[in-house]
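The values are calculated or read from the model by the stated rules, or taken from the named source; none is laboratory data. Predicted, not measured: the structure shown is a model, and the values here were computed from it. Cβ coordinates were reconstructed from backbone atoms using ideal geometry, including for glycine residues, and neighbour counts include every protein chain displayed. SASA here: full protein model, heavy atoms, side chains in, ligands and nucleic acids out. Shrake-Rupley method; radii C 1.70, N 1.55, O 1.52, S 1.80 Å.
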Amino acid sequence: MTSTAPLTSTAPRAGSALRTGPPVRTYRGARGGPPIRTGPRIRSGLPIRTGPRRLPLALCGLALLGALAAGCGIRSTSVPVDAGAAPSRVSCVLPGDRESADGGDGGNLPVRVYLSCGSRVSPVDRRVALPDGDDSERLPVARGLLDALRAEPDSEEESAGFKTAVPRGLRVSGPAEGDPAAALRLSEPLGDLPAFALAQIVCTYADTAAAGSDRSVILGGPADAEDGGDSTGSGAVEPLRRFRCDTDLRTRPGASDNAGTPL
């Protein structure tokens, strides 16, 4: 009796990776017989996957996305939700061929006044009435410009989104005793003016004779109790402040209460 024995022998190692392909084991058959080929050597190790297993992974991915959406506050609903009207947008731009408005006052001097539009103040061409068209005197110019600021926007200005926050009853006067010559006093304390009103006045005055030579505007509230000033009998008046029509004042007019430099 003749036993068969492998020509080569390598014991498989546990935990080793699957390896296919050559070498092929060959056994010698009975004496004189043909050799026997048994196929590729397979090492024991990780289990062999016999079919696709992608479906559980896809389901796990969908579950993870659902958890993330819930964490972000996204909830599905079959009931229509009323989110309100879409935010309105204004152009703040007037037609290029528009003639300067005179506000119904028969103005004779072309000027540029600042009106509120959206979240800022922007310039608009107007015509104001001045005695003999003289724009060199500070107080007459300041009063004419204030009249233009108090006037309601015309139809084109209103359609473009322009408004005015300057009170209809606001007045302006010249410097009080002890004030600098370039000072102007309003009939209401600066802190009591509506939002945007102070920015409108400062920027409108800045490029005219109502401002100083450096284009700064010196403003204060009323100088006496009769005009809304101090009513305690102490004789104190609101301190003057110097303003400039800078980018911050034009784009953040609601913060004008903290603008200006005390004199």
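Tabulated data for the structure shown
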{"read-out": "Gly220 vs. criteria more than 31 Å from the chain's Cα centre (by Cα) and at pLDDT 95 or above", "value": "yes"}
{"read-out": "Close pairs (8 angstrom Cβ cut-off, 6 or more residues apart or separate chains): open to solvent by 30 Å² or more (accessible area, probe 1.4 Å) in the range 182-194, assigned to a strand (DSSP E or B) and hydroxyl-bearing (Ser, Thr, Tyr) anywhere", "value": "none"}
{"read-out": "Residue ID - least open to solvent (accessible area, probe 1.4 Å), chosen from residues in the range 139-166 that are touching a Leu at 6+ places or on another chain (Cβ under 9 Å) and among the acidic types (Asp, Glu)", "value": "Glu157"}
{"read-out": "Identity of the residue in the range 223-232, open to solvent by 80 Å² or more (accessible area, probe 1.4 Å) and out of contact with any helix residue (DSSP H, G or I) (no Cβ under 7 Å at 6 or more places or on another chain), that ends up modelled with the lowest pLDDT", "value": "Thr232"}
